[in-house]
Amino acid sequence: RIILLLVTTVGFAAVTQAQDLNPNLGIIPAPVSVRKTSGSFVLSQETAFLADSVNNKAVVFFADYLKNTAMLHIPVKHNSGQTVNNSIVLTSAGTDGLPAEGYRLTITPTNVTIAAKGAGMFYGIQTLIQLIPANKGATAKLPCVQIEDYPRFGYRGLMLDVCRHFFTAEFVKKYIDLMAAYKFNTFHWHLTDDQGWRIEIKKYPKLTQIGSHRPATLIGNYHDRTPQQFDDTPVDGYYTQDEIRDIIKYAADRYITIVPEIEMPGHAMAALASYPELGCEPGSGYQVQSTWGVFKNVYCPSEKTFAFLEDVLTEVIDLFPSKYIHIGGDEAPKDAWKESEFCQKLIKKLKLKDEHGLQSYFIQRIEKFVNSKGRSIIGWDEILEGGLAPNATVMSWRGEQGGIEAARQNHNVIMTPGSGGMYLDALQGKLSTEPLSIGGYTPLDKTYRYDPTPEALTPDQKKYILGVQGNLWTEYIATENKVEYMLLPRMFAVSEVAWTQLANKDFKDFSEVRLPNHLAWLDKKGFDYRVPTAIGA
Ligand code: TNX
């Protein structure tokens, strides 16, 4: 009996030890490994702050955080390599074997050390910031721990559509702040569409003089739910090139690359309204659109159009240092090209099969131009139709099929399927209880559970999946508060899809253990968000 009791007790002890109630220490996205050690580190005004390079972007970011958020005025000093008690040390020493963007964060009772290079240091700092309890003033207690961390995917994106509704430069920065805190590295900026041209192009001033104004929306065409109270005002706005340069730097300081999107050949009504000669029926009175959907008129594949787009892309490429330029390519109906004598002649002359061949010719020609400037194109999965441009990366949005096909053709892929929960304009709950949206039931757990590497691909083909992206289209999002409501907390789930190793994903731990503190942080920062409810609610 005594033996039995002993066995049971030992058994219980083992179980208690294994049952760590907060194995990820609240961190979102969950790290690769978290090894808790005993004790804590007290961060105070007496703590020293040492860095290999005091001007490093990540170091400057953390110094600003300490000053402005933690209210600690600690000057950064050069790290000579000597151990200093009660210090935070940011160093590139001790990074052997760390994958790209990775970091090692060690907290002992005497020191906090982040070993990392480049972006990894910034991510180590983001994790550290999550471990500093809020509202603790000058003496925050940090749990001792050893964390090793690096991302699952090199492309971790969020898209914002600033065309259907316009959002200020200041708000775009807020969006970037959120991205940085959750280890996203790519901001896809959807800058042109049927309902607005939002980027200043010096050579074509009418793009913003005319193309950045859209009339009020009276009737949306996805649902007939009435009344559509939210959108009875015209929408105006664009970013000057100075504002854009400022935002690019702001993002770069947070290790975020901005990929600009210039839509072609479809979603071009704002451009056609500004310069009608770029369409196949210049006399037909093109207008900036005030309803949603897909419109018949697109750019005509004429020499005039190519000259225009090359000029536009030249200014875009001069502004944005990103490797990728997104050229759209989605939802371009072929009716206008079918009716155009010019297009039919061109199809014959170029010996193309049909209008899909013409779209492929269009995109390939643009790709050549973009490649000649040392950049690469990304296009929505429609660019597969009629044949992929040789170096194109495919953004798979109509499910995963486009991405699967592209990977099989040895092309890089970014997964962003609505069916996989990556459409953050979709409903977070029941239609009857949610504010007006485009539909498509996408509760938090659906987004969370998405895995961007489809079973249908072989391990070699899976290597073409660069990563994943959440898309925020704004037909039904007229205000900053609603952007936040739709984005939050689902973007946290996307961050975990993009960053966290598959084996470490755990919806229960994410939603029940870690999420509450992050929602409290959102409250403190004054963000709007949707309170997650049980599935089906
Ligand atoms: C389809 S996703 C579009 C967008 C819409 C979106 C609404 C994609 C490449 N095209 O123009 O805003 O659906 O969810």
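The values are calculated or read from the model by the stated rules, or taken from the named source; none is laboratory data. Not measured: the values here are computed from a predicted model. Neighbour counts run over all protein chains shown; Cβ positions are idealised from the backbone, glycine included.
Summary of computed values
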| read-out | value |
| --- | --- |
| The listed residue being more than 29 Å from Val259 (Cβ to Cβ) and part of a loop (DSSP other than H, G, I, E, B), out of Thr83, Thr106, Thr113 | Thr83 |
| Test: residue in the stretch 440-453 that is within 13 Å of the ligand (Cβ to nearest atom) and surrounded by fewer than 23 Cβ atoms within 10 Å (Cβ to Cβ) | yes |
| Filter result for Ala140 (surrounded by fewer than 22 Cβ atoms within 10 Å (Cβ to Cβ), within 21 Å of Leu72 (Cα to Cα) and away from the ligand (no atom under 16 Å from the Cβ)) | yes |
| Hits in the stretch 394-408 (condition: within 14 Å of the ligand (Cβ to nearest atom) and of a type in the set (Val, Ile, Thr)) | Val394 |
| Asp460 vs. criteria away from the ligand (no atom under 14 Å from the Cβ) and closer than 21 Å to His188 by Cβ | no |
| Helices (runs of 4 or more DSSP H) wholly inside the stretch 288-380 containing at least 3 residues that are surrounded by 15 or more Cβ atoms within 10 Å (Cβ to Cβ) and away from the ligand (no atom under 16 Å from the Cβ) | 303-319, 341-349, 355-372 |
| Test: Glu277 is closer than 27 Å to Pro215 by Cα and among the charged types (D, E, K, R) | yes |
| Residue match in the stretch 409-420 (condition: within 16 Å of the ligand (Cβ to nearest atom), touching a strand residue (DSSP E or B) at 6+ places or on another chain (Cβ under 6 Å) and either assigned to a helix (DSSP H, G or I) or among the hydroxyl-bearing types (Ser, Thr, Tyr) (or both)) | yes |
| Subset of the stretch 465-490 (residues that are among the hydrophobic types (A, V, I, L, M, F, W, C) and within 16 Å of the ligand (Cβ to nearest atom)) | Val468, Leu472, Trp473, Ile477, Ala478, Val483, Met486, Leu487 |
| Flag for Thr257 being under 30 Å from Val59 (Cβ atoms) and more than 16 Å from the ligand (Cβ to nearest atom) | yes |
| Total residues in the stretch 438-473, condition among the hydroxyl-bearing types (Ser, Thr, Tyr), part of a loop (DSSP other than H, G, I, E, B) and under 20 Å from the mean Cα position of the chain (by Cα) | 4 |
| Number of the exception - Thr127 against (1) polar (S, T, N, Q); (2) away from the ligand (no atom under 16 Å from the Cβ); (3) crowded, with 24+ Cβ neighbours inside 10 Å | (3) |
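Here's the yes/no breakdown for (1) assigned to a loop (DSSP other than H, G, I, E, B); (2) at pLDDT 95 or above; (3) hydroxyl-bearing (Ser, Thr, Tyr); (4) not assigned by TED's automatic domain parsing to the domain that holds Thr91:
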position: Tyr123; (1), (2), (3), (4): no, yes, yes, no
position: Val145; (1), (2), (3), (4): no, yes, no, no
position: Cys163; (1), (2), (3), (4): yes, yes, no, yes
position: Glu170; (1), (2), (3), (4): no, yes, no, yes
position: Ile176; (1), (2), (3), (4): no, yes, no, yes
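Table: residues versus (1) touching a residue at least 40 places away in the same chain (Cβ under 8 Å); (2) in a helix (DSSP H, G or I).
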| position | (1), (2) |
| --- | --- |
| Glu382 | yes, yes |
| Asn391 | no, no |
| Arg398 | no, no |
| Pro435 | yes, no |
